[in-house]
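Read-outs throughout are calculated quantities, based only on the coordinates presented, and are distinct from any laboratory measurement. These figures come from a predicted structure and were not determined experimentally.
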């Protein structure tokens, strides 16, 4: 259990450290996540397949039509492939920009992650295969203070993991 938690924390920290640049006005981005090989004395995590990112407007947890289209065409096929495996799990992380209190942003990040989870569940992914976590404003991907930097931090990240 502790080993699984340590691996989850490691993957989450790696995901939060990667710099991302928005590609266009559709506010969606896909990047390859890290492939994890066998660790010495451990084969618990075989692979972290794909990471998908959608962005949100200020103080919002609603998925835009562009985000829904992206999730349906890009993320959903990857997610469905991973959950076919009995050990496949999906982790959705919610993040916020620096504005607002830590408490408010923790709740908003959870709502963002939950919005993505609900999208997958409506598209026939088992809820039990998906976990959500909120980091609020504690793990910005861009530490800048301008609108472009703040927009990059208002996101939900979907990570597919085979354990």
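Can you give the relative contact order of the stretch 40-163 as a percent, counting alpha carbon pairs under 8 Å and 6+ residues apart?
42 percent
For the stretch 51-158, give the share of DSSP beta bridges that are antiparallel, in percent and rounded to the nearest 5; count only bridges with both residues there.
Here the share of antiparallel DSSP bridges comes out near 55 percent.
What is the distance in Å between the Cα centroid of the stretch 131-163 and that of the stretch 61-128?
12 Å
Answer rounded, prolate or oblate for the stretch 64-110, using the Cα gyration tensor with square roots of eigenvalues a ≥ b ≥ c: rounded when a/c is under 1.5, else prolate when a/b is larger than b/c, else oblate.
Values: a/c = 4.93, a/b = 1.73, b/c = 2.84.
Judged from the Cα gyration tensor, the stretch 64-110 comes out oblate (a/c at least 1.5, b/c at or above a/b).
Note the full-extension length gain between residue 104 and residue 57 as 0.36 nm times their separation in residues minus their Cα-Cα distance, in nm to one decimal.
15.4 nm
Using all Cα-Cα distances in the stretch 97-147, what percent lands in each 5 angstrom bin from 0 up to the longest?
It works out to 5, 20, 22, 18, 15, 11, 7, 2, in whole percents.
With 24 Å as the cut-off, how large is the P(r) tail for the stretch 42-163, expressed as percent of Cα-Cα pairs?
26 percent
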